[in-house]
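Asker: One structure is given below, represented as C-alpha cells, and several questions about it will come after.
The values are calculated or read from the model by the stated rules, or taken from the named source; none is laboratory data. Just so you know, these numbers come straight off a predicted model, no measurement behind them. Cβ atoms come from the backbone with ideal geometry, glycine included; neighbour counts cover every protein chain shown.
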Amino acid sequence: MTREASDLQQVTDKIDYKKGERITNICLVGNILLCAIKFCAGIFGRSQAMVADAMHSASDVIATAVVLLGVKIAQKPHDRSHHFGHGKIEYITSAFVGFTLIYAAIQIGYSIIVNIAGGDISTPSFLAFAAAILSIVVKEMMYRATIKIGKQLNSESIKANAWDHRSDAYSSIGTLIGIGGSMLGAHIGVGWLRYLDPIAGGVVALLIFKVAIEILLKAFHGLMDASPDSEVLEQIQAAATSFPETRELPYVKARYTGPNLWIDMAIRLDAGLTIQEGHEIAEAVRFAICDKIPNIDHIIIHVDPCTCQRGKEEKEEKEEKEVREVREESHLNEDLGIDLLCAETIAS
C-alpha cells in the first residue's frame, strides 16, 4: 500500500512552461507586425475602424509581453519567500490583460464618438479592406495555437491571451463589414452607409469590453482562492471513499495556484488503527487522487479517529471476537487439562 513520497512528482503531471513561452514569443512578434500593418492601413486607407483595430492590436502587444513575463515567473519553484510557489502571477497577468482591453475599448469608443460628432467621416480604401482580411486570418490562427497550449498547461494567463487574440479577430470582422459597407455606400451613392465604418468601430469596442470583463472575472476568481468546479471535487471524494478503510470525509477543500491544484482534506479512519496504518492509508488515498486528477501540486490529508456509529459497532464487534477467541482457547486448555488428568489416572 505504501509508496515513496518522492514518487508523488511522477504521478503529478509536470507543467511544461517552455511551450507557453514559445507560443507567447511567436504571438508577440506577430502582434507587433500586425499592429504596424493595420495602423498604416488605417491611416493611408482612411478607415477609423481600422485605426481602432490597430489600437486593439497595440494593447495585445502590451498584454502578450506581460503574459510572457508572468509565464517566466510562474515556473519558478517554491522558495523561502513563496512557500506556495509563484502560480498566482497567472491571475495577476490575466487581470492586467483585462484592464488593458478595457482601456483599449474606452479609447476606441471615445475616438469614434469625437469623429462622428465632428463630421470627420471619410470613405475607406481597399487597402484597409485587405488589412482587415489579413488580421482575421492571422489572429484566428494565433487564437487556436494559443488556446491549445493554454488548455494543455491549464494556464489562465495564456488562455486569457488566447481570448485576446480571438477578440481581435472578432473586431477585425466588424471592421471588415464596416469598411466594406462604407465602400459600397460610396460606390452606389447611399449616404448613410458611410457611417458603417465608425459604427463597426463602436461594435468592436463593445466586443472588446465584453471579453475584458470575462477575463477579469476569471482572474479575480483565482485571486480569491475560489474552489474548482464540482466535477473535480467529486473526483477527489470518489478516490478517497474508494478505500474501505475510509469511514467519512469531514471536509474537502481545494484551490488553484495558477495551473496547479492544492488540496486540503480530512479522512476518518477506525480509531483502533496504529499511526503507521493510518499514514499508509492516507498515502494510498493521496496517490489515488493524483492518478485521477492532473496538475496536483500538493495534498494535505488530515487523519481523524472515527467516532461514527459504524466505527463503534465494528470496534465492539472486534472486541467481542477477541473475547470469544480467548474463551475458546481457555476452554480448549481446560479440556486438554482434563484429558491429561484422566490419562494419568488410568495409567496409575
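Asker: Only one residue in R286, R268 is farther than 30 Å from R46 by Cβ and in a strand (DSSP E or B), so which one is that? Spell out the reasoning first.
Answerer: Values: R286 fails: in a strand (DSSP E or B).
The unique qualifying residue is R268.
Asker: Condition first: farther than 18 Å from K19 by Cβ and not in a loop (DSSP other than H, G, I, E, B). Now tell me which residues in the range 76-93 satisfy that.
Answerer: Y91, I92
Asker: Does F99 count as of a type outside the set (A, V, I, L, M), surrounded by 19 or more Cβ atoms within 10 Å (Cβ to Cβ) and assigned to a helix (DSSP H, G or I)?
Answerer: No.
Asker: A further question on this structure: Which of the residues that make up the range 131-168 are among the hydrophobic types (A, V, I, L, M, F, W, C) and under 13 Å from the mean Cα position of the chain (by Cα)? Steps first, answer last, please.
Answerer: Quick first cut of the range 131-168, residues among the hydrophobic types (A, V, I, L, M, F, W, C) only: 131-134, 136-138, 141-142, 145, 147, 149, 153, 158, 160, 162-163.
Matches in the range 131-168: I147, I149, L153, I158, A160.
Asker: Out of the residues in the range 207-219 that are touching a Gly at 6+ places or on another chain (Cβ under 9 Å) and not β-branched (V, I, T), which is surrounded by the most Cβ atoms within 10 Å (Cβ to Cβ)?
Answerer: Per the criteria, the residue is A212.
Asker: Any residue in the range 284-295 that's of a type in the set (F, W, Y): show its pairings with residues that are assigned to a loop (DSSP other than H, G, I, E, B) at Cβ separation under 6 Å, as long as the two are six or more apart or on different chains.
Answerer: Close Cβ pairs satisfying both conditions: F287/R3.
Asker: With the requirement that a residue be touching a residue at least 40 places away in the same chain (Cβ under 8 Å), of a type in the set (A, V, I, L, M) and loosely packed, with under 15 Cβ neighbours inside 10 Å, what does the range 220-236 give you?
Answerer: L223 - this is the single residue of the range 220-236 that is touching a residue at least 40 places away in the same chain (Cβ under 8 Å), of a type in the set (A, V, I, L, M) and loosely packed, with under 15 Cβ neighbours inside 10 Å.
Asker: Would you mind stating whether L269 is surrounded by 20 or more Cβ atoms within 10 Å (Cβ to Cβ) and over 18 Å from the mean Cα position of the chain (by Cα)?
Answerer: yes
Asker: Just a yes or no: is a residue in the range 83-100 closer than 17 Å to M50 by Cβ, under 36 Å from the mean Cα position of the chain (by Cα) and in contact (Cβ under 8 Å) with a residue 24 or more places away in the chain?
Answerer: Checked against the condition, which is being closer than 17 Å to M50 by Cβ, under 36 Å from the mean Cα position of the chain (by Cα) and in contact (Cβ under 8 Å) with a residue 24 or more places away in the chain, the range 83-100 yields no hits at all.
Asker: Specify the residue that is surrounded by the fewest Cβ atoms within 10 Å (Cβ to Cβ); the eligible residues are those in the range 140-190 that are among the charged types (D, E, K, R), at pLDDT below 90 and within 24 Å of F126 (Cα to Cα).
Answerer: This residue is R166.
Asker: In the list K315, K321, which residue meets the criterion of being more than 18 Å from Y251 (Cα to Cα), modelled with pLDDT of 65 or more and in a helix (DSSP H, G or I)?
Answerer: Unique residue meeting the criteria: K321.
Asker: Take the residues in the range 237-260 that are within 17 Å of the chain's Cα centre (by Cα) and modelled with pLDDT of 85 or more, then tell me which one is surrounded by the most Cβ atoms within 10 Å (Cβ to Cβ).
Answerer: A254
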